[in-house]
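**Q** Below is one structure. I have some questions about it.
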Ligand code: LHQ
């Protein structure tokens with residue numbers, strides 16, 4: 001299923017989206033943006049889908065914007081490409097109330113790195129790397145990099161990473177807290193499948209509210225965040241999954257979550 005540039009496969013509550021321009025290291029074209037957005041929207045609306053996995057075909061995850069495509073249209077208004085494509089993509093990924101795992105199978109460069117980092121759980125192959133390539137070509141980091149990087153790894157590392165534009169090995173990315181973990185290349189598929197299967201039977205509604213609470217914490221005061229936790233706990237606490245979770249604990253058995261809000 002899916003289009004030419006994004007492959008879509010769904011099974012057991014997991015929707016797997018594969019960026020599919022391997023000969024161009026899965027660089028983003030407008031067509032790929034449109035297909036990815038449509039696939040994400042469909043997964044978001046599909047009640048059977050409880051977790052999304054985003055990965056790349058071939059040896060790279062994604063090399064960012066396809067620079068051959070922007071050459072013709074020029075980068076005179078590179079901002080319009082962000083406005084049209086990257087900004088809505090990052091907003092969609094970060095606000096979708098379902099978990100999104102990014103399986104970084106190889107190099108993630110430019111906007112490709114930052115789209116990966118916008119996902120909820122990032123697992124990288126040990127040979128992968130993250131390259132804030134932008135300043136190599138006279139651009140500034142985008143697709144939320146200037147927001148995400150200082151928050152995840154601190155301003156000092158964010159400054160050097162973006163200004164030097166050197167590849168950051170996946171192992172270092174994990175050690176710095178930029179991503180969740182690295183695994184041996186030949187274990188990536190199995191590790192990500194195991195994580196996805198676990199999340200596919202998790203209380204999806206509570207996971208979505210957790211994602212919302214963590215996102216809002218970056219602008220909230222402690223008092224606002226405590227109020228938010230109260231409000232979201234009220235919602236989660238009234239869900240069938242909370243009733244099931246507590247009942248299962250007391251009955252000393254594994255819970256059977258539906259993922260639903262009511
Ligand atoms: C590519 C690309 C690519 C096209 C590899 N485009 N073909 C937003 C708004 C508006 C404007 C601009 O940008 C943005 C956001 C951004 O993402 S800007 C940053 C764009 N990305 C980059 O600058 C990274 C460019 N790529 C590279 O530096 C290298 O390809 C890396 C370091 C990722 C990998 O190097 P290698 O492993 O040596 O592979 P390669 O360079 O030989 O690439 C393989 C092929 O993929 C090659 O095509 P060819 O036909 O010659 O075999 C490359 O031209 C193509 N490719 N990235 N972004």
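**Q** For the list (1) away from the ligand (no atom under 12 Å from the Cβ); (2) surrounded by fewer than 23 Cβ atoms within 10 Å (Cβ to Cβ); (3) within 21 Å of residue 128 (Cβ to Cβ), I need the number of the one condition that residue 24 fails.
**A** Only one criterion in (1) away from the ligand (no atom under 12 Å from the Cβ); (2) surrounded by fewer than 23 Cβ atoms within 10 Å (Cβ to Cβ); (3) within 21 Å of residue 128 (Cβ to Cβ) is unmet by residue 24, namely (1).
**Q** Going by the conditions given, is residue 122 within 13 Å of the ligand (Cβ to nearest atom) and either in the same structural domain as residue 40 (by TED's automatic domain parsing) or touching a helix residue (DSSP H, G or I) at 6+ places or on another chain (Cβ under 7 Å) (or both)?
**A** no
**Q** While we're here: Restricting attention to segment 212-229, which residues are closer than 21 Å to residue 95 by Cβ, assigned to a helix (DSSP H, G or I) and more than 22 Å from the chain's Cα centre (by Cα)?
**A** Within segment 212-229, 224, 225, 227, 228, 229 meet the criteria.
**Q** Can you find even one residue in segment 99-114 that is within 12 Å of residue 179 (Cβ to Cβ) and assigned to a helix (DSSP H, G or I)?
**A** Of the residues in segment 99-114, the ones within 12 Å of residue 179 (Cβ to Cβ) are 101-104, 108, 113.
Filter once more, keeping what is assigned to a helix (DSSP H, G or I): 113.
Yes - at least one qualifying residue is present in segment 99-114.
**Q** Okay, moving on. Identify the residue in segment 230-262 that is in a helix (DSSP H, G or I) and in contact with a helix residue (DSSP H, G or I) (Cβ under 8 Å, 6 or more places away or on another chain) and, among all such residues, is nearest to residue 46 (Cα to Cα). Reasoning before the result, please.
**A** So in segment 230-262, the residues in a helix (DSSP H, G or I) come out as 230-237, 240-250.
Still in the running and in contact with a helix residue (DSSP H, G or I) (Cβ under 8 Å, 6 or more places away or on another chain): 232, 235-236, 241-242.
Numbers: 232: 23, 235: 21, 236: 21, 241: 19, 242: 22 Å.
Once the filter is applied, the top-ranked residue is 241.
**Q** Right, next: So, in segment 135-162, how many residues would count as being surrounded by 20 or more Cβ atoms within 10 Å (Cβ to Cβ) and either within 12 Å of the ligand (Cβ to nearest atom) or farther than 25 Å from residue 120 by Cβ (or both)?
**A** 5
The values are calculated or read from the model by the stated rules, or taken from the named source; none is laboratory data. Computed from a prediction, not measured in an experiment: that's the story for all the values here. Note: ideal-geometry Cβ built from the backbone for every residue, glycine included; neighbour counts use all protein chains shown.
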